[in-house]
1. Sorted from fewest to most neighbouring beta carbons within 10 Å, what does the list Lys201, Lys113 look like?
2. Given the pairs Lys76/Lys113; Lys201/Lys248; Lys145/Lys248; Lys132/Lys201, which span a C-alpha to C-alpha distance of over 25 angstrom in this model?
3. Starting from 0.36 nm per residue, how many nanometres of slack lie between Arg146 and Tyr168 once their C-alpha separation is accounted for?
4. Can you give me the long-range amide H partners of Glu143? Hydrogens built in the peptide plane at 1.01 Å from N, cutoff under 5 Å, separation of 5 or more residues or another chain.
5. Among Tyr168, Tyr199, which comes first, then next, by fewest other beta-carbon atoms within 10 Å?
6. Quick check: residue separation of Gln28 and Glu182 times 0.36 nm, minus the Cα distance between them. What number comes out in nm?
Amino acid sequence: MSEDRSSNGQSWLSKLTQAFAHEPRNRQELLEILHEAHENELLDSEALTIVEGAIQVADLQVRDIMVPRSQMITVKAGQTPQEFLPTIIDAAHSRYPVIGESLDDIVGVLLAKDLLPLLLRNTGESCACELKQLLRPATFVPESKRLNVLLRELRSTHNHMAIVIDEYGGVAGLVTIEDVLEQIVGDIEDEHDVEEDSYIKELPNGDFVIKALMPIEDFNEHFDSELSDSEFDTLGGLVANAFGHLPKRNETIDIGDFRFRVLNADSRRIHLLRLTLPRH
């Protein structure tokens with residue numbers, strides 16, 4: 001048995017050496033070699049996924065993964081902390097585009113961590129003036145830029161966010177380095193991740209992060225609600241049906257007294273939701 005396994009391994013290695021000695025004729029041939037390596041247990045599932053993602057990312061453009069203009073969460077340059085802090089706390093992102101007169105007027109990027117010393121020194125209107133001094137320059141990229149090129153540029157310039165521009169020079173959306181990396185390695189853990197053996201995670205402000213696969217029956221029991229489970233078994237199915245389309249990240253909808261915001265979704269289904277309970 002061990003001899004057969006060793007023979008198979010040597011056979012595959014010989015094929016791999018031969019394939020790369022004479023460059024694979026096409027991408028499909030390369031992927032077939034990698035899948036054969038996985039079947040022969042020379043490449044684990046995670047490594048195969050990462051390699052496939054790295055290969056396929058060259059086929060994607062910024063427009064394929066960007067957060068669209070309508071879903072961008074921004075700060076206005078003239079806002080006071082009292083006006084923009086609730087937005088920052090609720091969104092829980094690390095970076096925000098700062099706009100002037102309109103979404104097409106991007107004046108810079110605000111890092112949430114840069115607000116800490118500012119807030120300690122100021123609580124009044126003067127903070128708005130100092131806010132402009134904290135802004136980092138915005139990076140702009142076209143919708144058509146390929147993701148492998150974007151990733152290389154973001155790494156070389158140490159930027160984590162880029163504003164996406166359409167063919168007319170208007171703002172089409174934004175993209176982050178995390179968005180690109182997730183195309184290669186899959187979803188990256190963040191503060192919204194829920195424990196593997198649970199459907200719900202409560203946040204400090206009283207909101208909840210909920211896995212879309214949570215059965216509606218369990219949701220109703222947990223929140224003492226009466227959402228209908230006659231057509232759908234899972235919360236994600238119910239929410240997607242309420243939208244009337246497969247929603248993208250940051251889209252929100254009210255169902256009964258509950259407000260749901262999509263935290264994570266792909267082209268097939270919703271993965272994570274943020275729940276805001278009714279305020280009494």
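1. Details: Lys201 16, Lys113 9.
Listed from fewest to most nearby Cβ atoms, that is Lys113, Lys201.
2. Violating the 25 Å limit, Cα to Cα: Lys132/Lys201.
3. Working: separation 22, 0.36 × 22 = 7.92 nm, distance 1.87 nm.
Once the chain is fully extended between Arg146 and Tyr168, it gains 6.1 nm.
4. Ile165
5. Placing the least packed residue first, the sequence is Tyr168, Tyr199.
6. So the extension gain works out to 53.2 nm.
Since every read-out is calculated from the coordinates, none of them should be taken as a lab result. Computed from a prediction, not measured in an experiment: that's the story for all the values here. Every residue, glycine among them, receives a Cβ derived from its backbone with ideal geometry; neighbour counts consider all protein chains shown.
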